[in-house]
Each structure stands twice: as structure tokens, then as C-alpha cells.
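Report on the structure given below.
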Amino acid sequence: MKDRGQITLVTGGARSGKSALAERLAARHAMPLIYIATAQPGDAEMAQRILEHQNRRGGSWTTVDEPLDLAGALVRTDGQGVRLVDCLTLWMANAMGSADFGALVVTLRQQSCPVILVTNELGQGIVPDNALARRFRDDHGRMNQAVAQAADQVWMAVAGLPLRLKPRKDDFDDEF
């Protein structure tokens, strides 16, 4: 497996198994494991979710808490091991409209060690009833597309099962 500079995106719905899948993909690399956490424990339920993730990972991970400066965290941790970013959706929400996913993609392409990013699929449900939520959903979809385009691998978790989206043997992009 290629270890240097590989970008992997893992997407899926809520409780789809995407974080566990991303952790398994990270463990395939013979490198130290670094978890870049974007979540903030704003209430008891979120604190419990964070604790569940920490307990599942165990003690073999180094955790870097970075809710806002994701590109900076990637630069600071490059060369130290494989990084798992969980998750892009929370990072974008934390940034309150100022998330620069173009700069993130540039930073990802400059990394010497692998990066695995977790994100959510938001656009498969109903259209939100307010402009702010629609803008967030649309911007989030654009971010996912940009990161997926830059990624070497893209996976989707569905009901706890992995589905590889990229690369595919029958990749139709070669036809266009």
C-alpha cells in the first residue's frame, strides 16, 4: 500500500459506520496514528459521542483537537504519521461560513503522509426550509466534491458496510 501523501475520503450518513471504517483504513498504514478531531463538546450528548469515539480507538492514537484551523493542523502533523480527520462536516459548521475548502484541498495535495478524511452525506434528504441551512448543505456538497476529486480513494459507509467509490475498475471518467 502506498503510504506517502495518499488522500482518502470516507463519507456516509449519520451512524453509518464511516468513522470506524476510516479507523480501519488508517490502521492499514505502518505508521503512527494521529486523530485530528474537529468536534467540540458543546453539550452532554456531544461529549458522550466524543467519548464513544475515543474508547473505540483506544490508546494507540494521538489526538489533536482542532475545530477551526484544519489546514494548519495538517501542516503541523505532516511527517508524524497517518492522520484521520473526523469530521469535515463539523469543521465546516464550526467555521460558520468561513471554511476555506479550496485552501484545504491545496494543503492536502502538499502532504507527505497519508490523510483520511471523514464527512457526511447531507444532500440525500429533504430540502431544508431556510436559506442558511440550504446554503450550508450546498457548500458542504461542493466541499465533498472538491475533496473527492483530489482524493486517491473515496469510500462510502452504508449500514456499517464499506463501498469503494474511487478508484473503480469501471471508472467512467475515462470515457469523457
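Filtering the range 120-153 to residues that are in contact with a His (Cβ under 8 Å, 6 or more places away or on another chain) and either of a type in the set (Asp, Glu) or touching a residue at least 40 places away in the same chain (Cβ under 8 Å) (or both) leaves only ASN120.
Residues considered: ALA146, ALA151, ALA95, ALA73. Of these, the only one that is among the hydrophobic types (A, V, I, L, M, F, W, C) and within 17 Å of TYR35 (Cα to Cα) is ALA73. Residues that are of a type in the set (Ser, Thr, Tyr) and under 21 Å from GLY42 (Cα atoms) occur in the range 58-77; there is at least one. Hey, does the range 15-24 have a residue that's in contact with a His (Cβ under 8 Å, 6 or more places away or on another chain) and within 21 Å of ALA148 (Cα to Cα)? Yes, the conditions are met somewhere in the range 15-24.
Within the range 1-25, if we keep just the residues that are closer than 22 Å to THR107 by Cβ and surrounded by fewer than 17 Cβ atoms within 10 Å (Cβ to Cβ), the residue that is modelled with the lowest pLDDT turns out to be ASP3. Only residues that are part of a helix (DSSP H, G or I), surrounded by 13 or more Cβ atoms within 10 Å (Cβ to Cβ) and either in contact with a helix residue (DSSP H, G or I) (Cβ under 8 Å, 6 or more places away or on another chain) or hydrophobic (A, V, I, L, M, F, W, C) (or both) were counted in the range 48-67, giving 3. Looking only at the range 120-138, residues that are part of a loop (DSSP other than H, G, I, E, B) and either in contact with a Phe, Trp or Tyr (Cβ under 9 Å, 6 or more places away or on another chain) or among the small types (Gly, Ala, Ser) (or both) come to 4 in all. Annotation: of all residues in the range 106-146 being of a type in the set (A, V, I, L, M) and more than 12 Å from the chain's Cα centre (by Cα), the one that is surrounded by the fewest Cβ atoms within 10 Å (Cβ to Cβ) is ILE126.
Taking ASP174, is it part of a helix (DSSP H, G or I) and at pLDDT below 95? The answer is yes for ASP174.
Each row is one residue, and each column tells you yes or no for (1) closer than 17 Å to LEU9 by Cα; (2) assigned to a strand (DSSP E or B); (3) in contact with a strand residue (DSSP E or B) (Cβ under 6 Å, 6 or more places away or on another chain).
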position	(1), (2), (3)
HIS140	yes, no, no
ASN144	yes, no, no
ALA148	yes, no, yes
ALA157	yes, yes, yes
LEU165	yes, yes, yes
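Among the residues making up the range 72-98, those that are in a helix (DSSP H, G or I) and either out of contact with any helix residue (DSSP H, G or I) (no Cβ under 7 Å at 6 or more places or on another chain) or crowded, with 19+ Cβ neighbours inside 10 Å (or both) are GLY72, ALA73, LEU74, ARG76, THR77, LEU88, THR89, LEU90, TRP91, MET92, ALA93, ASN94. Residue check: is ALA133 modelled with pLDDT under 95 and closer than 18 Å to ILE36 by Cβ? So ALA133 does not fit the description; no.
The values are calculated or read from the model by the stated rules, or taken from the named source; none is laboratory data. Every value quoted in this text rests on a predicted model; they were computed, and no experiment measured them. Every residue, glycine as well, gets a Cβ built from its backbone with ideal geometry; the counts of neighbours run over all protein chains shown.
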